[in-house]
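Inspection log for the structure reproduced underneath, given as structure tokens.
The values are calculated or read from the model by the stated rules, or taken from the named source; none is laboratory data. In this text the structure is predicted, and so the values were computed from the model without any measurement. Methodologically, a virtual Cβ is constructed for each residue, glycine included, from the backbone with ideal geometry; neighbour enumeration extends over all protein chains shown. All accessible areas refer to the heavy atoms of the entire protein, side chains included, with ligands and DNA or RNA removed. Shrake-Rupley method; radii C 1.70, N 1.55, O 1.52, S 1.80 Å.
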Amino acid sequence: VQLQAYGGGLVQAGGSLRLSCAASGRSFSGYSVGWFRQAPGKEREFVGAIRWSGGNTGYVDSVKGRFIISKDYAKNTVYLQMNSLKPEDTAVYYCAAGHPIISSWSRPESYAVWGQGTQVTVSS
């Protein structure tokens with residue numbers, strides 16, 4: 001599977017953006033899809049993940065209640081809806097696919113395939 005992440009941009013604090021992660025080559029079936037972000041000078045941080053089959057989701061505490069991960073079977077796409085954005089959400093966002101168990105969702109090494117990043121900038 002190959003991934004393409006898109007939908008980033010510049011938004012004011014309090015605004016919303018929706019990122020997309022589209023799969024090509026094969027479907028997401030059997031995969032978990034994670035979203036990560038990396039701000040300048042910081043390590044890559046887990047944002048959240050979804051299990052394609054079943055739809056279980058999990059999020060880092062800092063985005064709970066603001067970000068929602070969803071999927072579209074027909075489009076073979078996973079979305080990251082980001083609401084109430086804050087300047088500290090500014091980062092390059094990546095999607096990744098793999099077969100981690102739920103307890104390993106937050107570990108980048110659990111994911112075998114990564115999309116290119118998309119920049120999200122939140123202005124204050």
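Take the residues in the range 1-51 that are of a type in the set (S, T, Y), assigned to a strand (DSSP E or B) and open to solvent by less than 80 Å² (accessible area, probe 1.4 Å); name whichever of them is farthest from S124 (Cα to Cα).
Step one: of the range 1-51, the residues of a type in the set (S, T, Y) are 6, 16, 20, 24, 27, 29, 31-32.
Cutting the leftovers down to assigned to a strand (DSSP E or B) gives us 6, 20, 24, 32.
Cutting the leftovers down to open to solvent by less than 80 Å² (accessible area, probe 1.4 Å) gives us 20, 24, 32.
Numbers: S20: 24, S24: 36, S32: 33 Å.
Checked the range 1-51; the qualifying residue farthest from S124 (Cα to Cα) is S24.
Filter the range 52-88 down to the residues that are free of Cβ contacts under 8 Å to residues at least 60 places away in the same chain, within 22 Å of S103 (Cβ to Cβ) and open to solvent by less than 20 Å² (accessible area, probe 1.4 Å) and list them by number.
W52, G58, V63, F67, I69, V78
Checking the condition of a type outside the set (D, E, K, R) and at pLDDT 95 or above, which residue from A39, A74 passes? Talk me through it step by step, then tell me what you get.
Numbers: A74 fails: at pLDDT 95 or above.
Selected residue: A39, the only one of A39, A74 that is of a type outside the set (D, E, K, R) and at pLDDT 95 or above.
Looking for whichever is under 14 Å from Q119 (Cβ atoms), in contact (Cβ under 8 Å) with a residue 60 or more places away in the chain and among the polar types (S, T, N, Q) here; the options are Q38, Q2, Q12. Which one fits?
Numbers: Q2 fails: under 14 Å from Q119 (Cβ atoms); Q12 fails: under 14 Å from Q119 (Cβ atoms).
Exactly one of Q38, Q2, Q12 is under 14 Å from Q119 (Cβ atoms), in contact (Cβ under 8 Å) with a residue 60 or more places away in the chain and among the polar types (S, T, N, Q), namely Q38.
Does A74 satisfy the criteria of being over 26 Å from S123 (Cβ atoms) and assigned to a strand (DSSP E or B)?
Working: over 26 Å from S123 (Cβ atoms): yes; assigned to a strand (DSSP E or B): no.
It is false that A74 is over 26 Å from S123 (Cβ atoms) and assigned to a strand (DSSP E or B).
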